[in-house]
Amino acid sequence: MIGAIAGDIIGSRFEFHNHKSKNFDLFTDSSVFTDDTVLTCATAHVLSVGGDYTKAYRRFFKAYPNRSYGGRFQLWAEGLIEDPYESWGNGSAMRVSPVAWAFDSLEEVLQEAERSAKVTHNHPEGIKGAQAIAAATFLARTGASKADIKTFVSHRFGYDLNFTLEAIRPTYSFDVSCQGSVPQAVVAFLESEGFEDAIRNAISIGGDSDTIAAMTGAIAEAFYGKIPPEILKETWNRLDTTLKKTILRFLESIGVSNPFLQAI
């Protein structure tokens, strides 16, 4: 999940100011956490202490109300929409990465990804997007090859992953749908040579930069095993105390040592 948070923060300043190149400063004073980080932490909170996704997402929204949430999610979080709202947006996929670390079987991961998604994103595409990112992250952390991850995601979820970033970069535009951003995030990982390269890939195509980078970062962290210390440090320094405590509690609950210790 830290890979997702790092991707979100790095991508935050490019969401509405796309940068069609891999050449950019990873962090500036404008690099901040957005709704992707907030709701990823909300997912981690449920997995580490129990509870209900609906209550957790609404609680974290109220604690961090101005973090670029989608319009319908905001209405739902404020209680103006009570029930799931058939969303196929990538909000379900951006927040799902902790699920991939909290369970020991792929089937459990797929089931929990659906549970986390459908409180808001109960459209089949919204559920599928969450499951795809969770599954890819789980496979990455359990030793699957890039070829195996590509095959599973394409066959299980029907996503076409047979394109290159170079081919889509000139024309790819802002798309918040799962079907229009999850495949791109997966390919950004598949073409990468390391964690940082994966994030640069994700941002270089433009579009919904923070969310694509968050989804790519989740898979890349699991596959490569480590996030560069300088990225960890910059990420940690941009989080507040509550989010830090939520992350550390989740890491403890899954038996993972604190990766920030050497970076801070």
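Structure notes:
- Arg95 at pLDDT below 95, crowded, with 17+ Cβ neighbours inside 10 Å and not acidic (Asp, Glu): no
- Which numbered condition Pro65 misses (of (1) over 15 Å from the mean Cα position of the chain (by Cα); (2) crowded, with 17+ Cβ neighbours inside 10 Å): (2)
- Flag for Ser173 being hydroxyl-bearing (Ser, Thr, Tyr) and at pLDDT below 95: yes
- Residues of the range 183-226 satisfying the condition of being touching a residue at least 60 places away in the same chain (Cβ under 8 Å), assigned to a loop (DSSP other than H, G, I, E, B) and acidic (Asp, Glu): Asp208
- Look at the range 117-142: where a residue is under 11 Å from Ala218 (Cβ atoms), no partner that is of a type outside the set (S, T, N, Q) and modelled with pLDDT under 95 sits 6+ places away or on another chain with Cβ atoms under 7 Å.
- Among the candidates Ala144, Ala132, residue that is among the small types (Gly, Ala, Ser) and more than 26 Å from Phe73 (Cα to Cα): Ala144
- Any hit, the range 6-28, residues being in contact (Cβ under 8 Å) with a residue 24 or more places away in the chain, over 20 Å from Gln131 (Cβ atoms), over 20 Å from the mean Cα position of the chain (by Cα) and assigned to a helix (DSSP H, G or I): no
The values are calculated or read from the model by the stated rules, or taken from the named source; none is laboratory data. What you are looking at is a predicted structure, and each value in this text was computed from that prediction instead of being measured. Positions of Cβ are backbone-derived with ideal geometry, glycine not excepted, and every protein chain shown enters the neighbour counts.
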